[in-house]
Amino acid sequence: MALTRLLISNFRNISQADLFLDAGVNLFCGVNGSGKTSVLEAVHMLATGRSFRSRQHKSVIQHDQPGLTVFTQLDTGLNLGVERLANGSGRVRINQTAAESSSQLASCLPLQLINSDSFSALDGGPGVRRRLLDWTVFHVEHLFAQEWKNYQIALKQRNALLRRGKIDADAIGIWEHQLAQSGERVDSLRQGQFHELRVAVAALLVGLPLSLLHKVDISYRRGWRKEVELAEALRESREGDLSQGHTRTGPHRADLRFTVAGEPAHNVLSRGQQKMLVCAVRTAMAQLVCRHREKPVFLVDDLPAELDEYNQQIFAHWVGRCASQVLVTGIEEGTTSRPWRQLDAPWNCPKVFHVEHGKISAEASAAQ
């Protein structure tokens, strides 16, 4: 799967852009603030319905414009379009038909993002790490999206009852039953993919030079005690949940733990090692998805600022085996393209775009 054409209108400082992309690597070069990261943001919006730098659509719309639009043609034959207006409204379309949810976009365009925020996974909150696993499960297990949606509905209803302060046992029992059923299924789907993910990450890390990365262990915490079923755990926690006003037990509290000899990985590994671990995790996620469907697209924002040249080369090699297409940004063309030019075709011939003050032009030699 790859984007063949990308149209952007009134997205941050990009007034208009009509880009024809190559399979393999597409390199966007420009100084800071030129608009190159905005290209990645626009693609991210096509896959998720939102920017990765802001959840507020209004802040992404170009100043004094009523709204933004992003459109792409995929080599699968699908067309995706997103419109966001300053008044808060908007449209999402797949082949000119209104999409029911952002998850439909995600299903059409599997996307992996590597940027400075990606490296906060190890020392961030559980939700950050949980979403890594859920991205993989979503794209591999077709039942996951509906089960997770059912779980969220029941969770919202149970929390609403808890906040009232007085609980009708029959009323909360109905929602706990649904919560337990969907929650157990969500956990089962997660566990199946977690075991494969753990093996895939280990296989990547063992190929690196000997270091503490070889000792990294990944464990999965499901969000309630191992020895009890979720229905029982919910009943046991009901009184405490009532005092807190929310549900403290279940898959919404799940977490991935990264450790080295029992210690949190972010307390032991160097910053560079942490970044390579995150890159390995995201690469392994893509590898798992490749086994079941199309290869994902990678968005890579200014990798030279995050990894040294040696590790850039390793990461580029990893990505070349599990991505359908890569959109890469960087300040200096030679430095940014070097890791990719050392790979086999089609990765070694990046299509180069120059970005300046929101205007994007393809390099003449690459466009011919």
Worksheet, complete the sentence: Nearest 10, in degrees from 0 to 90: the angle of helix 126-140 to the longest Cα principal axis of the chain is 80 degrees
Worksheet entry | Point-to-point label distance, Ile174-His292, nm (Cα→Cβ direction, 7 Å offset) | 3.3 nm
Worksheet item: Under a GNM of the chain (C-alpha, springs under 10 Å), which listed residue has the highest mean-square fluctuation: Val82, Val268, Val278?
Response: Val268
Discussion item. Test of understanding: extend the Cα→C-beta vector of Glu196 to 7 Å, then name every residue of the stretch 311-339 with backbone N under 16 Å from that spot.
Written reply: 322-323
Discussion item. In whole Hz and in residue order, list the ³J(HN,Hα) couplings for the stretch 262-269 that follow from phi through the Karplus curve 6.51 cos²θ - 1.76 cosθ + 1.60, θ = phi - 60°; x for Gly and Pro.
Written reply: x, 9, x, 4, 6, 8, 10, 7
Practice prompt. Name the long-range amide H neighbours of Phe28: under 5 Å, sequence gap of 5 or more, or other chain; modelled H, no Pro or chain starts.
Written response: Val328, Thr329, Gly330, Phe353
Worksheet entry | Restricting the stretch 181-282 to GluC sites (Glu not before Pro) in coil, as DSSP defines it, with at most 14 other Cβ within 10 Å | Glu227, Glu229
Worksheet item: Of Arg84, Arg163, Arg225, which has the most accessible area and how do the rest follow, probe 1.4 Å?
Response: Arg163, Arg225, Arg84
Response to the item:
Taking only Cα atoms of the stretch 168-207, the Rg to Rh ratio with Kirkwood Rh works out at 1.40
Practice prompt. Please report, as a whole percent, how much of the solvent-accessible surface of the chain comes from carbon and sulfur atoms (probe radius 1.4 Å).
Written response: 49 percent
Discussion item. Can you tell me the length gained on complete extension of the stretch Glu309 to Val31, counting 0.36 nm per residue apart and subtracting the Cα distance?
Written reply: 98.1 nm
Practice prompt. Express in nm, to one decimal, how much length is gained between Gln244 and His142 on full extension, taking 0.36 nm for each residue of separation and deducting their alpha carbon distance.
Written response: 33.3 nm
Worksheet entry | Counted charge near Ser243, where neighbours are those whose Cβ lies closer than 15 Å (Asp, Glu -1; Lys, Arg +1) | +3
Worksheet, complete the sentence: Note on the chain: contact order normalised by length, alpha-carbon pairs under 8 Å, 6 or more apart, percent, works out to 25 percent
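What FRET efficiency comes out for Ala345 versus Glu236 if R0 is 45 angstrom and r is the Cβ-Cβ distance? Round to the nearest 0.05.
Calculated transfer efficiency: 0.15.
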Worksheet item: Hey, how much of the P(r) for the stretch 48-132 falls beyond 15 Å, as a percent of Cα pairs?
Response: 65 percent
Worksheet item: In Å², what does the accessible area per residue of the stretch 173-282 work out to with a 1.4 Å probe?
Response: 49 Å²
Discussion item. Give me the net charge for the shell around Thr69: Cβ to Cβ below 11 angstrom, other residues only, Lys and Arg +1, Asp and Glu -1.
Written reply: +2
Worksheet entry | Loop-resident sites, the stretch 81-145, for GluC sites (Glu not before Pro), counting at most 16 other Cβ within 10 Å (DSSP) | Glu100
Practice prompt. For an R0 of 25 angstrom, estimate the FRET efficiency from the Cβ-Cβ distance between Leu210 and Asp123 and round to the nearest 0.05.
Written response: 0.55
Worksheet entry | Local electrostatic count at Thr329 - Lys and Arg +1, Asp and Glu -1, tallied over other residues with Cβ under 15 Å | -4
Worksheet entry | Potential extension, Glu363-Arg338 segment - 0.36 nm per residue separation minus Cα distance | 7.3 nm
Worksheet, complete the sentence: Phi angles of the stretch 49-57, converted by Karplus (6.51 cos²θ - 1.76 cosθ + 1.60, θ = phi - 60°) into ³J(HN,Hα) in whole Hz with x for Gly and Pro, give x, 8, 6, 8, 9, 7, 8, 8, 4
Discussion item. Just to be sure I understand the model, the point goes 7 Å from the Cα along the line to the Cβ. What's the resulting Lys149 to His63 distance in nm?
Written reply: 4.0 nm
Worksheet item: If you plug each phi of the stretch 65-70 into the Karplus form 6.51 cos²θ - 1.76 cosθ + 1.60 with θ = phi - 60°, what whole-Hz ³J(HN,Hα) values come out, in order, with x for Gly and Pro?
Response: 10, x, x, 10, 9, 9
Item to complete: Starting from the Kirkwood radius over alpha-carbon pairs of the stretch 216-368, derive D by Stokes-Einstein at 20 °C in a medium of 1.002 mPa s and give it in µm² s⁻¹.
Response: 112 µm²/s
Worksheet entry | Modelled FRET efficiency - R0 30 Å, Gln73 with Arg321, Cβ distances, 0.05 increments | 0.75
Discussion item. How large is the direction-averaged shadow of the alpha-carbon convex hull of the stretch 97-198, in nm²?
Written reply: 9.0 nm²
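The values are calculated or read from the model by the stated rules, or taken from the named source; none is laboratory data. Because the structure is predicted, anything quoted here is derived from the model rather than measured. In this analysis, Cβ positions are derived from the backbone assuming ideal geometry, glycine residues included, and neighbour counts consider all displayed protein chains. These accessible areas exclude ligands, DNA and RNA; they are computed on the full protein's heavy atoms, side chains included. Shrake-Rupley method; radii C 1.70, N 1.55, O 1.52, S 1.80 Å.
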